[in-house]
Structure formats: C-alpha cells, structure tokens
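Shown next, in structure tokens, is the structure this report addresses.
The values are calculated or read from the model by the stated rules, or taken from the named source; none is laboratory data. This is a predicted model, so every value here is computed, not measured. Quick reminder, even Gly has a Cβ in these numbers, built from the backbone with ideal geometry, and neighbours come from all protein chains shown. Areas reflect the complete protein model, heavy atoms only, side chains present, ligands, DNA and RNA absent. Shrake-Rupley method; radii C 1.70, N 1.55, O 1.52, S 1.80 Å.
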Amino acid sequence: PPPALLAGFDILGGQFAINGPDPAALGRPGSPGQMCYFAPDTLEWEAMEIGGHSAWFAWLLSGRLDDFYRGLRWTGWQSDSTALGLDQGMSIYPFLSTKEGQEDIDSTSRRPTPIRELFSFHGSAPLPGG
C-alpha cells in the first residue's frame with residue numbers, strides 16, 4: 001500500500017489524506033487508515049477524529065464544514081471559490097500561518113493560484129501520483 005493517499009483538497013491548499021500503514025514514518029499523526037488534514041493556517045498535519053474515508057465523506061455532507069473552516073472564510077468566499085478552476089486554489093497574503101493573516105481574513109489580499117503551487121509553498125506537496 002502507498003504511504004498515504006490524497007483524498008481531497010480545499011482552495012486554501014489544505015489537504016485531506018488517508019494514512020497508509022506507517023503514518024509516523026511520514027511525520028503524520030493518527031493511525032493507519034485514519035484521515036488527516038494538512039492545515040494551511042498551522043502548516044501541520046492534524047489527525048481528524050472522524051475515522052477513515054467513508055466517515056470523512058459522510059462528514060463532508062454533514063453540514064459541519066462551517067465550523068471546520070471558521071476563521072478561514074472571508075466575505076465573498078463563495079463567489080471567489082466558484083470562479084476558480086478545478087486545479088486552482090486561493091493564495092492569501094498575509095499568509096494564513098501568520099498572526100496578521102489570521103487576525104482579519106477580510107483584509108487579506110487573495111488571488112487564484114495553481115493548487116500544486118500552494119502545496120509546494122506550504123511544503124506539503126502530495127506524494128507521487130497524488
């Protein structure tokens with residue numbers, strides 16, 4: 001099995017991945033088969049307390065995304081999101097991982113950016129084939 005499998009990503013460069021057989025070898029928290037999230041506001045992988053892929057998919061449809069992304073959405077994020085291509089994300093400056101970027105997201109500068117560029121910038125490039 002692969003060391004991990006990218007299951008999805010968001011426009012901020014956050015990634016949802018399923019842990020492979022040895023998450024610790026990748027420096028990731030959680031257990032094998034557990035969903036993890038790379039958070040662009042902390043630049044760290046976080047184990048999600050929802051279990052594996054099917055539980056994650058149910059969670060996506062549960063209506064709990066507003067709480068998950070609280071503080072990471074700006075006024076007009078819906079229209080900005082729908083204008084992006086499937087291979088794009090949103091570059092935000094000051095960066096979400098800084099105090100300035102987290103204090104008032106509405107005052108940040110945002111621009112469409114290739115998602116792989118965001119992954120690379122965050123130092124979280126997906127595994128080969130991901």
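Only protein heavy atoms count here; under a 1.4 Å probe, Ser54 has an accessible surface of about 100 Å².
Comparing mean-square fluctuations of Asp80, Asp67, Asp104 from a GNM of the chain with C-alpha springs under 10 Å, the top value falls on Asp67.
Highest GNM mean-square fluctuation among Leu26, Leu61, Leu118, for the chain modelled with Cα contacts below 10 Å: Leu61. Ordered from longest to shortest, the equivalent ellipsoid semi-axes for segment 69-117 are 18, 13, 8 Å, each the square root of 5 times a Cα gyration tensor eigenvalue. Put one equal scatterer on each alpha carbon of the chain, apply the Debye formula with no solvent term, and list log10 I(q)/I(0) at q = 0.10, 0.16, 0.22 1/Å to two decimals. For the chain, the Cα-only Debye profile gives -0.32, -0.82, -1.42. Taking the DSSP bridge list for the chain and keeping only pairs wholly inside it, about 100 percent are antiparallel. For segment 4-96, applying the loop criterion from DSSP together with a ceiling of 13 other beta carbons within 10 Å to the GluC sites (Glu not before Pro) yields Glu49. Once the 1.4 Å probe is applied to the protein heavy atoms, the chain comes out at 56 Å² accessible per residue.
With every protein chain in place and a 1.4 angstrom probe, the accessible-area ranking of Arg110, Arg70, Arg64, largest first, reads Arg70, Arg64, Arg110.
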